[in-house]
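Bear in mind that the values in this text are calculations on the coordinates, not laboratory data. Remember, it's a predicted structure, so these values are computed and weren't measured experimentally. Reconstructed Cβ throughout: ideal geometry from the backbone, glycine too, with neighbour counts over all protein chains shown.
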Amino acid sequence: MRNQLHGAQPSLSNGFTNITNFTKVAPVDQNAVLIKLKTLKTTKTSQVDLCFSITTGIPLRRVIRKSCVIEKMAERERSIINGPLADVGAIPKVLFFSDCRPELLTYKFITGRPLYQTYTNRHTPIQDVFKLFRATLLILGDIHSERIIHNDLSPGNLLIDKRNHVSIIDFGSATPYGCSEFLAIGKPHYASPEQIEHKPIDARSDIYQLGCVLFETIYKTQYLDANNRPYNSIDVFDNAPINCLLKLMLDSAQSKRITSSQECINIIDNLIYNQLV
Ligand SMILES: Nc1ncnc2c1ncn2[C@@H]1O[C@H](COP(=O)(O)OP(=O)(O)O)[C@@H](O)[C@H]1O
Ligand SMILES: [Mg+2]
């Protein structure tokens, strides 16, 4: 799967740190050598590594390398990011793609930590939560206006930097509107009812998933259990104004659910304007 180059390990320097504990991995991109620093995540279908990219005359830069076992999986991801989503900000750009086996994607590194390491596990003033979700909904609106469904929104796929800027990552399950060729089964705790029932998905499916993430960020407990059934009715939680929004995002009937990111933003703005949160 990976061609590791052995021998005495030289030490690399980016001018600040000497990096000695690394693995040189191939394939390289057209001009650069990738040095793997650590594996961030391994699943049955993919592995995500944090690497340094070394190109002559260019300072070392961090990149993310994703290797995908399932045929065409990385290619789908790349064709969506570099195609319809090419002009959408706050999503990582693909720097390099290789269709060897496994398929490899090299991404621009985004500084930031996943939401589950930041917002969902610590108390955050509600105004800050709304600012973050407002920004996330703006990006999601841009994605939907390109007729793409992200299909895998979860606290691991939102990265937050020190200045609370948010990026949406992981387009491995993303799919164009109306495409029935690829149906994601949905991740435990974040799947919409239509994903579980293998019914057609649309922008409302992303709204539902983001509703699960918003619920968790506010109440510090997951909305859905591992079988994707709500643990509790939203009504047992006490914040009535926020619950209006959550109920609209989390309606199990797709037809009754809020239809667009912009409508969610309008409700958030209304809650803030009327000082209800
Ligand atoms: N472009 C990126 N910049 C920084 N970190 C990233 C980037 N892409 C992925 N990661 C990190 O790797 C983890 C797994 O990547 P992801 O694309 O979500 O893979 P998976 O499909 O296995 O969930 C993320 O939760 C994040 O911490
Ligand atoms: Mg992910």
### Taking the convex hull of Cα positions in region 67-117, its mean projected area over all directions (nm²)
4.2
### Whole-number percent relative contact order across region 180-246, with pairs defined as alpha carbons under 8 Å at least 6 apart
28
### Task
Give me the orientation-averaged projected area of the Cα convex hull of region 113-273, in nm², one decimal.
8.7
#### Entry: Within the chain, longest stretch free of exposed chymotrypsin sites (Phe, Trp or Tyr not before Pro) [DSSP loop, at most 15 other beta carbons within 10 Å]
17-176
### Query
Which is the longest part of the chain that has none of the GluC sites (Glu not before Pro) sitting in a DSSP loop with at most 12 other Cβ atoms within 10 Å?
72-180
## Note on the structure
In region 78-168, the trypsin sites (Lys or Arg not before Pro) that sit in a DSSP loop and have at most 16 other Cβ atoms within 10 Å of their own Cβ are 93, 122, 147, 162, 163
### Query
Remind me, relative contact order of the chain in percent, using alpha carbon pairs under 8 angstrom and six or more residues apart?
12
### Task
Using only the Cα atoms of region 190-277, build the gyration tensor, take square roots of its eigenvalues as a ≥ b ≥ c, and label the shape rounded, prolate or oblate: rounded if a/c is under 1.5, else prolate if a/b is larger than b/c, else oblate.
oblate
#### Entry: For region 246-253, 3J(HN,Hα) per residue [Karplus equation, 6.51 cos²θ - 1.76 cosθ + 1.60, θ = phi - 60°, Hz, x = Gly/Pro]
4, 5, 6, 6, 10, 5, 5, 8
#### Entry: Residue-by-residue Karplus 3J(HN,Hα) for region 191-197, coefficients 6.51, -1.76, 1.60, Hz, glycine and proline x
7, 7, x, 5, 5, 5, 8
### Summary
Hydrodynamic radius by Kirkwood for the chain, inverse mean 1/r across distinct Cα pairs, in Å, is 20.1
#### Entry: region 113-273, relative contact order in percent, only Cα pairs under 8 angstrom and at least six apart counted
24
### Query
So, in nm, how far is label residue 56 from label residue 122 when the simple model puts each one 7 Å beyond its Cα toward the Cβ?
4.5
### Message
So for region 125-231, if I pair up every lysine 8 or more residues apart or on another chain, how many of those pairs have alpha-carbons under 20 Å apart?
### Response
4
#### Entry: Cβ-based exposure ranking for 42, 124, 118, in which fewest neighbours within 10 Å come first
42, 124, 118
